[in-house]
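Below is one structure, written out as structure tokens, with a few remarks after it.
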Amino acid sequence: MGVAKNATTGGGAGKPVAEIRDGAVYILQAGTKVYLKTADMCAMTGKSNQWIGQLASQGVLFKMQTAHGNLYEMHDAVKAYIGNLEERQASEDDKEADLKKKQLTAEVSMKQSKALIASLDAKERQDKMHRSEDVAAMTEDLIYAIRGALLALPGRLAVDVLDAETAAEASEIIRKEVYQVMEELSGYEYDPAKYEERMRDRLNLASAAGEDE
């Protein structure tokens, strides 16, 4: 058993501040300042010398000038180290909470999008709504119908206009034919069967794409 040795005396007469016994230091007066080397900080925290040095460079830990060189004061160092751990944990908790919030927002947005798509799909199946590409296709069909009617005019008018005796008579023949074309086009309607076929093809493609995924 090692020999007890008083390290120093405190405020009371003859009362030791600390005692060294068997290679250990026993602090006998609460609040006594204890100075540590970097190696002691590493042993106490279980961290490497580089880690302690990094905390010191960040201003988390700091050394104090003593009669034995620049050392860490144990009480301040422990408080600072624990405070740093708490801040790191709080930061991680905030990040996790923020991530969960973003995930929840994304899930809500996804559900809303799916609900909207389902609603639009139902309206399309009920023939209450047409897709823009279908409207464009139907408009294109109408344009081709107009184009065909106009291209047919010369052939339909050639003989009658040739037989006209005056320019006024030829003009009247052309006017009547144009009115006839306009009347025919006014009754143009898109073919529901073509639209249904186009919709079925699109739904089949979407279903096949979903199965592939």
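The values are calculated or read from the model by the stated rules, or taken from the named source; none is laboratory data. All values reported here derive from a predicted model rather than from experimental measurement. Cβ sites come from the backbone with ideal geometry, for glycine too, and all protein chains shown count toward neighbours.
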Output the number of residues of the range 45-61 satisfying the condition of being in contact (Cβ under 8 Å) with a residue 12 or more places away in the chain and hydrophobic (A, V, I, L, M, F, W, C). 4
Among Ser119, Ser109, which is the only one that is modelled with pLDDT of 85 or more and under 28 Å from the mean Cα position of the chain (by Cα)? Ser109
With respect to Ile82, determine if the residue is of a type in the set (A, V, I, L, M, F, W, C), at pLDDT 90 or above and surrounded by 10 or more Cβ atoms within 10 Å (Cβ to Cβ). yes
Determine whether Asp163 is modelled with pLDDT under 80, surrounded by fewer than 11 Cβ atoms within 10 Å (Cβ to Cβ), over 30 Å from Gly46 (Cβ atoms) and not assigned by TED's automatic domain parsing to the domain that holds Leu61. no
For the range 66-115, give me each residue that is closer than 22 Å to Ile27 by Cβ and of a type in the set (Lys, Arg). Lys79
Within the range 65-80, how many residues are over 15 Å from Ala39 (Cα atoms) and either assigned to a helix (DSSP H, G or I) or free of Cβ contacts under 8 Å to residues at least 24 places away in the same chain (or both)? 6
